[in-house]
1. Can you give the helix-only mean residue ellipticity at 222 nm for chain B, where every DSSP H stretch with n ≥ 4 adds -39500 (n - 2.57) and the sum goes over all residues, rounded to the nearest 500 deg cm²/dmol?
2. Report, by chain and number, residues whose modeled amide H sits under 5 Å from the one on residue A:64, excluding near sequence neighbours (fewer than 5 apart, same chain).
3. Please report, in debye to the nearest 20, how large the charge dipole of region B:20-305 is about its Cα centre when each Lys and Arg carries +1 at its beta carbon and each Asp and Glu carries -1 there.
4. Contour minus end-to-end for residue B:231 and residue B:101, with contour as 0.36 nm per residue of separation and end-to-end as the Cα-Cα distance?
5. Mind checking A:124-130 for the average number of partner chain beta-carbons within 10 Å of each residue's beta-carbon?
6. How big is region A:48-260 by Rg and Dmax over its Cα atoms, in Å?
7. Long-range amide H contacts for residue A:136: which residues qualify at under 5 Å (H placed 1.01 Å from N, peptide plane, sequence gap of 5 or more or a different chain)?
8. In whole Hz, with x marking every Gly and Pro, tabulate ³J(HN,Hα) for region A:50-63 from phi via Karplus 6.51 cos²θ - 1.76 cosθ + 1.60, θ = phi - 60°.
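Just so it is clear, none of the values below were taken in a lab; they were calculated from the coordinates. Computed from a prediction, not measured in an experiment: that's the story for all the values here. Glycine gets a Cβ as well: all are built from the backbone with ideal geometry, and neighbour counts include every protein chain shown.
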Amino acid sequence: MSNPPSATATQAPAGSAGSAAASASAASAAIAASAVVPEAAAPATSAAAIICSDLRKNYRDTVALAGVDLRVERGAVFGFLGPNGAGKSTLVKILTGLVHPSGGQGEVLGGKPGSRAVHRRLGYLPEQFRFPQWLTGRELLSLHGRLMGIEAEAARLLDLVGLGVAGDRKIGEYSKGMQQRLGLAQALVGDPELVFLDEPTSALDPIGRRDVRDILTHLRDRGMTVFLNSHLLTEVERVCDRLAVIDKGSVIAQGATEDLLQSPGLSVRVGELPQGSFEDFAARSWSEVAPPTYADGVITLPGVAADEVPAVVHRMVEAGLPVYEVTFARQSLEEAFVQLIREHHPGSDGRAGA
Amino acid sequence: MNPGGRLDDLRARTDQMLLLAGLTWKEGVRRRTILMGFLLTVAFVALYGVGTYYAFRQFDAQPDSASMGGVGALGMTLDPDFYRDMAAYQMLSFGLFVSSFLAAMLVVFLGAGMISGDAENGTLQTIVTRPVDRVQVLLGRFLGYASVLVVYTILLSGSLLLLTRVFSGYAPPHPVQALLLLLMQGLIVLGIVALATSTLPQIATGITGLMLFGVAFIGGIVEQIGMFLRNDTAAAIGDAVHYLAPTDSFFRMALGRLTPGSMAVMGEFLTGPFGAPKGVEVGALLYGLLYLGACLVGAAVLFRRRDL
């Protein structure tokens, strides 16, 4: 029961060969302690929703995954980005047990990918999927509920994805967008702890995309972990707390979304500079950020936050700089992404992961 | 853990398999394949019935050598009852050959997509990521198609047996055993298809199923010719083909269960384009069961290994 006595008791046989009763209780305490350890250890290893270490996959002579290390915490909306063919779907398929890895280890919700125990707590929307066209949307959800051993809340899920009125129509009559909405509802059957969504908005129009974004936010608020594969960067930028970028089978960046989005700061177009005015301006207190630079009529100020812009402009004017145009540019995920992929390509052999 | 838990688990797994098996029927009803299959089967049975009816009405009208066509013209004298039974048996063996061929085609066409087709189009991926084993998915789907085969065989081959009985009066000695053997033939085709579909693409699976069925049939004919001409090599080739695919062997054992006792004297000379009847051999029965079992085990192993 209580830990301190068992800890001292286990040392007892080594220290003193005292009473038989004492060593007997020590033995039973040790057994009790060892019986408790695996259960106590389990939550510790499953604190993260997903852990990949050196996960590899080869198809004949092509490398799909070249040693991926990844950690996704519970309750996060995790974005997984990469160009086509980078290995996004392969990773998700390994983590859902569809594809067998060539090497390395994956852990999902503290268990082995593909095991029944894990699948009971999982939802998955594949990139390429097709539901039986002769079932209705409601029947499909109830089928998946029965496979989970539960009664699917078909009505709630259909409403959630905006298919409330179409639930009793055959899937064959659904548009592509409707099928994708149904696919999302299917992934949410049984209120899973973790959902894998592989390009969930590829067939959706802008309204559909916004709906999905709202649903993802809603899921996160309910504590669900979402693993989102996407190449739609603005989407990932808006909903994901953390993200990883994969290219040629290797993760080339991962971290909090805002950390991966570096702000290039302010760029200011100026007229002809009065003698000494730029030096004067540059000399004023830029201790915490990189100093401003001037080139071709544009002054660049890296690392300026949005709320600092008016003060910076005020100081420029004070220094006598003729300001014509001020552009505050937060680097978009797209720029960050393109930059990352470009940086990764030269000299890369696609095996940089492990 | 505890026996009750294990029993509950087994029940849950069985429920999942039956759920998947039931989908086969639901699909058949919704896509009207069952309706079309049923209507065309009725047409086939009706044609067979009409043919049998007229053939034996003619026979009843003139039960003499004139109605015996070629046999009568040769001046042979035959016992009319014997001749009648032989004619009925020939009709039946022809009808059953067609029906068993149709059953095999049905099984090949339905079953070819069992794993590979559904894996290719993305139907399977959302199923196997549910808390089910791939073996359950395989067996569930196999059971679904097997149940279609059972119903189809009983309706079609059973109707042929019944119509022959009604119009010719001929009562084959072991009709139920014959039906069971025909069923086994279809199940072996389904087993081959299950094995192929768990690793080959859908089209390759269909071709494999049909080709093996055809090869077994030709093998049976080679074996017959070998026996007829007392050519041991041909007989051995035919025999070897039965090991490759024992479908023809089961068909011929089924015919053997329907042969009139009076025809036994004709022995191996009773060859025909649709296979000569043969007696039930325990070895052949066991081999067929083992073959089917091996197909399913192989299918399970391959399906488990397959990347989807």
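1. On the way: 12 runs with 235 residues, N = 308.
So the helix-based figure for chain B works out to -26000 deg cm²/dmol.
2. Here the answer is A:57, A:58, A:59, since their amide H atoms fall under 5 Å of that of residue A:64.
3. On the way: 16 positive and 15 negative charges, 217 e Å.
The calculation lands at about 1040 debye.
4. Numbers: separation 130, 0.36 × 130 = 46.80 nm, distance 2.81 nm.
Roughly 44.0 nm would be gained on extension.
5. Values: counts 5, 3, 6, 2, 4, 6, 8.
Across A:124-130, the average partner-chain Cβ count within 10 Å equals 5.
6. 16.6, 49
7. Sorted by chain and number, the residues that satisfy this are A:171.
8. Taking θ as phi minus 60°, the curve returns 9, 10, 10, 10, 6, 6, 10, 8, 10, 10, 6, 9, 9, 9 Hz for region A:50-63.
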